[in-house]
Amino acid sequence: MNQCPSNETLESLLSGRLNEPALSAVAEHIDGCAACQAELERLAEPGELSELRPRGPARSGGLNEGAPGL
């Protein structure tokens, strides 16, 4: 995806209405686009973006899972 996604597409991402392959293309674009990241921040409800961020395998079951001593 060379062009920034529309606000409608960003809202679909936030609401979970994007399916593959659109989801992957939009997510990849956003990872490298400060303008889209700022627009997502503007459109999102508090805490909504943290739900979209991918979690690594050590964090899949909870924030501290797999962390020694926690």
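The values are calculated or read from the model by the stated rules, or taken from the named source; none is laboratory data. No experiment lies behind these values; they were computed from the predicted model shown. Note: ideal-geometry Cβ built from the backbone for every residue, glycine included; neighbour counts use all protein chains shown. Accessible surface areas use protein heavy atoms only, side chains included; no ligands, DNA or RNA. Shrake-Rupley method; radii C 1.70, N 1.55, O 1.52, S 1.80 Å.
Name the pairs: first residue in the stretch 20-36 and of a type in the set (Val, Ile, Thr), second residue modelled with pLDDT under 95 and not in a helix (DSSP H, G or I), Cβ to Cβ under 7 Å, at least 6 apart or on different chains?
Qualifying pairs under 7 Å: Val26/Met1; Val26/Leu18.
Quick one: count up the residues across the stretch 1-11 that are open to solvent by less than 90 Å² (accessible area, probe 1.4 Å) and free of Cβ contacts under 8 Å to residues at least 24 places away in the same chain.
Residues meeting the conditions: 2.
Out of the residues in the stretch 19-46 that are more than 14 Å from Pro5 (Cβ to Cβ) and surrounded by 10 or more Cβ atoms within 10 Å (Cβ to Cβ), state the one that is modelled with the highest pLDDT.
In this case the residue turns out to be Glu41.
Kindly provide the set of residues from the stretch 52-70 that are loosely packed, with under 10 Cβ neighbours inside 10 Å and at pLDDT 50 or above, ordered by number.
Arg53, Pro54, listed by residue number.
Would you mind finding the one in Leu14, Leu49 that is open to solvent by less than 40 Å² (accessible area, probe 1.4 Å), part of a helix (DSSP H, G or I) and at pLDDT below 85?
It is Leu49.
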